[in-house]
Structure formats: structure tokens, C-alpha cells
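**Student:** After the C-alpha cells below, expect a handful of questions from me.
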Amino acid sequence: MPIEPFWTFFSFLDRGTCVIHKWMNDIGMKTKARVKIETRFRYLSLQQTWEPNFAKKLNGYDDIYEIRIRHEGVQFRPLGCFDPHSRVFTLLIGAVEKGSNFKPRNAPEVAASRRKLISCNRSLIHEYESYIAPVKKSDER
């Protein structure tokens, strides 16, 4: 019997395109890194509370959180926010962190701006669609 997620992930849409998928494509992200990120999203969706080594509030930004994924020395940091009225986490922008700097450099500001936009206009988000196919139980005979 499948475990029901505690959180549902949504993504911000920029001109109808999922910003996380676009980010992954734009930086030429390899399949293994995508799988690791998608696996982290799935893991977090099942956790009522998120451990700081997997996700934490971004200092200096109200209600913006970074999901923390390290793969082959690269620190991937999708930024997002929790919906205060439901069990939804919305991915707002993808970023890479080097030292204490983000690429794109303005990622936290963009996330904060998009958070304000979606509070007024829910049509700017949709349920996140994973690149990874859902796990299906094989037929048992």
C-alpha cells in the first residue's frame, strides 16, 4: 500500500513553463543529479518536518526555504515556500550555491518576489511533475 505524501510540491510557472524543469535544462543538469534532486523532493514530501541538513529557512528572507542537495561537489539549492493554508511547498526558482553565493546571484530576491505573486495569483503555479516515472508495483502471479 503506497504511503500518502504529507506535502504536495508545486512549481512556479514562468510563461507556462515549470521553472525547475527549465533550470535543470538550462544548466545542462545530468540525469544522476536530476534523480538525486527528484528523490529529495519525494523524501521531503513524506516528512512532516524537514531536517535542516535537507532544507532550511534562508537567512534574511521571510518564508523562503532552500532545499539542500549536494551531488558530485555541486550544491543544488531549489528555493521555495510553504503555503500557510495547506500542505503545499511551492518551488520558486532553482539555484546553485558556491561558498555563500547563489547562481543566479539574485535567486533569493526572485524567490521572494514570486512568493508575493503567488499569494495573489494561484494560476502561476501547478502541481510539480517529476521527471522520474512513478514507482509501480509489478504484477504478482
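**Student:** Which ones in the stretch 77-102 are exposed (fewer than 13 other Cβ atoms within 10 Å of the Cβ) and at negative phi?
**Tutor:** Pro84, His85, Ser86, Arg87, Lys98, Ser100, Asn101, listed by residue number.
**Student:** Just to be sure before I move on: is His71 in contact with a Phe, Trp or Tyr (Cβ under 8 Å, 6 or more places away or on another chain) and either without any contact (Cβ under 8 Å) to a residue 40 or more places away in the chain or surrounded by fewer than 18 Cβ atoms within 10 Å (Cβ to Cβ) (or both) in the structure I sent?
**Tutor:** Considered against the rule, which asks whether it is in contact with a Phe, Trp or Tyr (Cβ under 8 Å, 6 or more places away or on another chain) and either without any contact (Cβ under 8 Å) to a residue 40 or more places away in the chain or surrounded by fewer than 18 Cβ atoms within 10 Å (Cβ to Cβ) (or both), His71 comes out as no.
**Student:** Then there is this: Being under 15 Å from Ala112 (Cα atoms) and not in a loop (DSSP other than H, G, I, E, B) is the filter here, so list the residues in the stretch 68-88 that pass it.
**Tutor:** Within the stretch 68-88, Leu79, Gly80, Cys81, Phe82 meet the criteria.
**Student:** Moving to a separate point now. Mind listing whichever residues of the stretch 1-43 are touching a helix residue (DSSP H, G or I) at 6+ places or on another chain (Cβ under 7 Å), aliphatic (A, V, I, L, M) and farther than 20 Å from Glu72 by Cβ?
**Tutor:** Of everything in the stretch 1-43, just one residue is touching a helix residue (DSSP H, G or I) at 6+ places or on another chain (Cβ under 7 Å), aliphatic (A, V, I, L, M) and farther than 20 Å from Glu72 by Cβ, namely Leu13.
**Student:** Further, regarding this structure: If you go through the stretch 7-59 one residue at a time, how many are part of a loop (DSSP other than H, G, I, E, B) and either surrounded by 13 or more Cβ atoms within 10 Å (Cβ to Cβ) or without any contact (Cβ under 8 Å) to a residue 12 or more places away in the chain (or both)?
**Tutor:** Number satisfying all stated conditions: 15.
The numbers here are math on the coordinates, done by the rules we state, and not lab data. Predicted model only: the values in this text are computed from it and were never measured. A quick note on method: Cβ atoms are made from the backbone with ideal geometry, for glycine too, and the neighbour counts reach across all protein chains shown.
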